[in-house]
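In what follows, a structure is listed as structure tokens, so that the remarks can point back to it.
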Amino acid sequence: MRAQGNKKILLGLVVVGLISILIVVLSAYSAELKVENNKLASANEALQGEIDTLNVKIKSANNVEHIEKIATTKLGMVYPTKDECVYVSDTAAPKENFAMVIREKAYN
């Protein structure tokens, strides 16, 4: 009887040992996943910062003043004078300087 009791105790210790080993392995795997998750979160934050920077650059590049500055300085473009505009018919011609009308609407 005593041998059978020792076998049960030994079997119980083996089961408890296996469960303990399983807990340690799962804890290590959980820690590894947390480290990977933290790396991805920091990479995500860096990408979000880059996206925000690009959005600001897009807004500034689409600004009317910026477009006009590039057009006049780099491309040499100028607003036409009233005499330089050609219209299909006399009734299609605006009463004011057409270039100035466009410029005023762009800044409003």
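The values are calculated or read from the model by the stated rules, or taken from the named source; none is laboratory data. Keep in mind that what you see is a predicted model, and the values were worked out from it rather than measured. Cβ coordinates were reconstructed from backbone atoms using ideal geometry, including for glycine residues, and neighbour counts include every protein chain displayed. Areas reflect the complete protein model, heavy atoms only, side chains present, ligands, DNA and RNA absent. Shrake-Rupley method; radii C 1.70, N 1.55, O 1.52, S 1.80 Å.
A single member of Leu54, Leu33, Leu18 is open to solvent by 100 Å² or more (accessible area, probe 1.4 Å) and either at positive phi or part of a helix (DSSP H, G or I) (or both), and it is Leu18.
Residue pairs whose Cβ atoms lie under 7 Å apart, separated by 6 or more positions or on different chains, with the first residue in region 59-82 and assigned to a helix (DSSP H, G or I) and the second open to solvent by 100 Å² or more (accessible area, probe 1.4 Å), are Ala71/Met77; Thr72/Val78.
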